[in-house]
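FYI, it's all coordinate maths here, none of it is from the lab. Note that this is a predicted model, so its numbers are computed, not measured. Here the Cβ positions follow ideal geometry from the backbone for every residue, glycine too, while neighbour counts run over all protein chains shown.
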């Protein structure tokens with residue numbers, strides 16, 4: 001979601017490695033683009049026509065169900081999967097290829113902090129957007145999960161607008177008569 005001019009400038013400055021063709025065009029390897037995106041905390045968006053894939057990782061089945069219902073209102077544009085813990089999240093990441101992970105911080109076994117660190121350490125998953133959610137909001141939790149690579153840390157008491165905004169889903173506007 002950046003202009004071609006910006007990408008060319010990054011290459012000219014040596015920030016993004018590129019191969020130059022005999023015709024003067026630049027070519028970038030996928031690995032190089034992923035490295036650059038991870039280092040600069042850039043997230044990939046779905047391609048045009050591709051549905052947004054959101055993985056909800058939460059051991060609270062009721063809250064996970066609420067999120068599924070919230071996102072199901074956008075069924076034409078959003079595909080949702082759930083995982084009950086960090087281990088199941090790891091398995092689903094391999095097959096679901098999420099664009100966004102809504103991640104609970106406090107789970108038994110592998111907690112959200114560790115799941116986030118693992119996602120961000122692996123080249124294949126480092127570009128996945130992680131939005132943390134917690135029933136125990138504190139500045140310490142927010143600082144720790146942001147340091148682990150999450151974009152945001154929301155309270156589970158956040159309204160649906162805040163959750164949708166964090167994901168980047170725009171609600172259809174209603175006009176009044």
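This ranking places 63, 113 by how few other beta-carbon atoms lie within 10 Å of each, fewest first, which gives 63, 113. When only Cα pairs below 8 angstrom with a gap of at least 6 residues are kept, the chain shows a relative contact order of 17 percent.
For residue 31 and residue 69, the FRET efficiency from 1/(1 + (r/R0)^6), where r spans their Cβ atoms and R0 equals 45 Å, is about 0.75. Ordering 118, 107, 19 from the fewest to the most neighbouring beta carbons within 10 Å gives 19, 118, 107.
Arranged from fewest to most other beta-carbon atoms within 10 Å of their beta carbon, 68, 57 become 68, 57. Quick one: helix 112-121 against the long Cα principal axis of the chain, what's the angle to the nearest 10°, folded into 0 to 90? Once rounded, the angle reads 10 degrees. Every helix of 4 or more DSSP H residues in the chain counts as -39500 (n - 2.57), and over all residues that averages to -11500 deg cm²/dmol at 222 nm. Could you tell me what % of all Cα pairs in the chain have separations over 23 Å? Here the tail beyond 23 Å accounts for 45 percent of pairs.
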